[in-house]
């Protein structure tokens with residue numbers, strides 16, 4: 001009797017799954033990236049959306065909704081209907097956002113995990129004119145000049161903010177945090193010399209790495225792939241600091257996604273990740289395609305990065321959202337925040353590599369200008 005019931009249940013479930021796979025998607029699918037174009041989430045989403053669109057014959061439209069360290073885009077997805085036609089490509093930073101800021105959503109209770117896309121280590125990138133060439137010299141430089149090394153992130157509470165604060169703790173140094181609206185903007189200012197350090201992925205800075213406009217001084221974890229024209233980088237741990245940080249990218253949907261639809265999306269993602277062309281794209285971005293059980297990885301990341309955020313990161317307030325959004329849209333440079341052990345406040349840097357503000361190519365002049373002493377300090381930070 002039990003066997004007959006199980007067989008009947010399987011018989012009934014199979015047509016339901018087939019119908020879900022046959023009817024999804026029934027209209028265009030919105031793929032939300034909760035960060036601006038050019039960042040790693042965007043790089044992971046676009047080639048995947050192209051392949052899904054080709055397979056199903058329905059548009060898969062990538063929509064960038066950046067701001068508040070990914071919270072604005074995540075809020076829009078959490079409030080969308082749970083029918084499989086609104087999805088979000090996100091990363092490990094998803095596990096930290098709700099810890100460091102007040103959100104209307106919860107990483108586990110507001111979303112269904114669908115699939116893991118890829119994993120990769122972070123890399124420590126510096127401006128090529130910045131004197132330190134490796135982790136040991138960076139640590140020595142920062143210890144000799146507490147708070148004078150400026151590092152950029154995708155925003156207060158973003159994962160590369162948290163892992164940068166973690167690096168401060170592990171190395172016993174003080175640096176100044178400069179939050180942006182996305183990592184691409186931070187990399188732009190790293191290239192210009194406005195900041196000296198960004199801890200991010202190859203996917204977020206691929207062109208700059210390949211063209212030598214930034215220097216890779218260390219990998220934050222083993223197992224990554226740099227562009228072939230770039231020399232291999234030793235890990236931070238191999239250079240004497242007990243530190244490791246990596247990232248995953250995944251696909252989520254609004255909570256209560258029907259299981260047949262969830263299974264259909266997961267199967268499509270798994271099939272797409274098996275395509276050699278997509279694997280080559282991800283590997284060229286320093287990531288390893290890793291289809292697997294999203295829930296377990298997400299819970300592990302939430303515990304790990306949540307603990308880091310609570311222990312070392314700045315706890316965010318409602319005013320921080322407005323400050324970060326203003327910083328990203330205003331011609332004035334973003335406000336700077338010290339690492340937890342650092343001094344309050346921060347000194348603005350001139351926009352060019354040691355140049356006065358009006359000589360920084362394509363960079364806006366700050367209100368009030370800067371004195372010669374400040375310009376001299378900026379040049380000294382880069383050239384030693």
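Computed from the coordinates by the stated procedures, all read-outs in this text should not be read as laboratory data. Because the structure is predicted, anything quoted here is derived from the model rather than measured. Quick reminder, even Gly has a Cβ in these numbers, built from the backbone with ideal geometry, and neighbours come from all protein chains shown.
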What FRET efficiency would be calculated for the residue pair residue 288, residue 145, taking the C-beta separation as r and a Förster radius of 41 Å, to the nearest 0.05? 0.65
Determine Rg/Rh for the stretch 223-275; Rg is computed over alpha-carbon atoms and Rh is the Kirkwood hydrodynamic estimate from the same atoms. 1.21
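If you take the square roots of the eigenvalues of the alpha-carbon gyration tensor of the stretch 127-270 and sort them as a ≥ b ≥ c, do you get rounded (a/c under 1.5), prolate (a/b over b/c) or oblate? Don't skip to the answer; put the middle values down first.
Working: a/c = 1.99, a/b = 1.82, b/c = 1.10.
Prolate shape, in that a/c is at least 1.5 and a/b is the bigger ratio.
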Where the centre of each part is set by its Cα atoms, how far does the stretch 258-290 sit from the stretch 27-45, in angstrom? 15
I want to check the label-to-label distance for residue 263 and residue 210. Put each point 7 Å from Cα in the C-beta direction and report it in nm to one decimal. 4.1
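Which three numbers, in whole Å and largest first, are the semi-axes of the equivalent ellipsoid of the stretch 58-169 derived from its Cα gyration tensor as √(5λ)?
35, 15, 12
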Ranked from highest to lowest mean number of other Cβ atoms within 10 Å per residue, what is the order of the peptides 30-37, 135-142? 30-37, 135-142
Considering the convex hull of the alpha carbon atoms of the stretch 115-195, report its projected area averaged over all viewing directions, in nm², one decimal. 5.9
